[in-house]
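Written below as structure tokens is the structure these notes are about.
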Amino acid sequence: MLRVRWKTCVAGLVVLSSPSSLVRAEIAQTQSGVADLLRHGENQVRSMTAVIDSRQKPTPAENVERLQEVSRDLLVAYVLTPENAEARQATLQFERKKNQERRAFFSHAGVDVQASDSSRQIAYDGELVRVLGMDADQRVGIIETPEQADWSSLNEDHPYSFVYEFQREPYSELVAQSPDFRVLDNEPGQDGLRVYFQHPRFNDRAFVLVFDDQGRMVEREEWYKLSHDAEPTMHKRYELLDYKSYPSQSGELIHFPTRVTSRFYATDREGNHIEA
């Protein structure tokens, strides 16, 4: 399980193309209505800065044996020992302005990024991806095209991707173009709106989004197929928590989470989910 919390987040406003009435308690429960709701949030935020503490918890001991029964590949790829979980604690400094992005990685959680040296940096200026890292105690740099760097084929965990996009594509566009969109029943104790939609180009990938009664995304699930799955199923779940409000130049508030918990799940032969 991964927990991330960011200390600061500053969102910049551009001219809104969607009416502010979209952000309201009564969400339009249609494909176009959900796409418009998502687009409204995406259009609000064009720039942000954040300092993120990332902390991982080891796989529950009772689940390790169950995961091994499903697939040894899962055991190797996803099981976190207490030692590995501790080693993966980290701090991320994130900056985004329009389609330009910079990330600086620090090897421990809770780092003062102004007084510490990063272990790795990644920057994208809209044309090229630049990576600066360490190799045998020396700084090494790489410059690649977005295609060489897999810039659009990987979904990185950072504040913008948690809420607004998957593999550099806005969620609003994925919803609008989806060939299979459905409104689902809420789970027990859940309010608001819960929707399922298939990726418009990959029929083995789908998503579930949950919005609260204020139109804020509070949960996101990623569905896909692993080698032992007969069909796409939920494998990752993100909880978007502790929302704060930031005033925009128009007077409208931008709502954004300050804490995210993500969990990975495998499924056994009966389809039961096992948390890794």
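The values are calculated or read from the model by the stated rules, or taken from the named source; none is laboratory data. Only a predicted model underlies this, so the values are computations on that prediction, with no experimental measurement involved. Cβ: placed from backbone, ideal geometry, glycine included. Neighbour counts: every protein chain shown.
Things worth noting here:
- All positions within segment 195-223 that are surrounded by 14 or more Cβ atoms within 10 Å (Cβ to Cβ) and either of a type in the set (A, V, I, L, M) or in a loop (DSSP other than H, G, I, E, B) (or both): Val195, His199, Pro200, Ala206, Val208, Leu209, Val210, Asp212, Gly215, Arg216, Met217, Val218
- For first residues located in segment 79-99 and more than 23 Å from Asp112 (Cα to Cα), partners that are assigned to a loop (DSSP other than H, G, I, E, B) and lie 6+ apart or on another chain with Cβ distances below 7 Å form the pairs Val79/Thr59; Val79/Ala276; Leu80/Pro58; Leu80/Thr59; Thr81/Pro58; Pro82/Pro58; Lys98/Arg46; Asn99/Gly126.
- With a requirement of 1 or more residues that are within 30 Å of Asp117 (Cβ to Cβ), the strands (runs of 3 or more DSSP E) lying completely within segment 128-194 that satisfy it span 129-135, 138-144.
- Residue check for Val131: touching a residue at least 12 places away in the same chain (Cβ under 8 Å) and buried (at least 17 other Cβ atoms within 10 Å of the Cβ): no
- Segment 45-79: number of residues that are within 23 Å of the chain's Cα centre (by Cα), at pLDDT 85 or above and either among the basic types (Lys, Arg) or not in a strand (DSSP E or B) (or both): 6
- The lone criterion from (1) within 18 Å of the chain's Cα centre (by Cα); (2) over 30 Å from Gly271 (Cβ atoms); (3) modelled with pLDDT of 85 or more left unmet by Leu38 is number (2).
- Test set (1) over 28 Å from Thr59 (Cα atoms); (2) at pLDDT below 90; (3) of a type in the set (Asp, Glu) - Glu270 fails condition number: (1)
- Candidates are the residues of segment 224-252 that are at pLDDT 85 or above and touching a Ser or Thr at 6+ places or on another chain (Cβ under 6 Å); the one that is surrounded by the fewest Cβ atoms within 10 Å (Cβ to Cβ) is Asp242.
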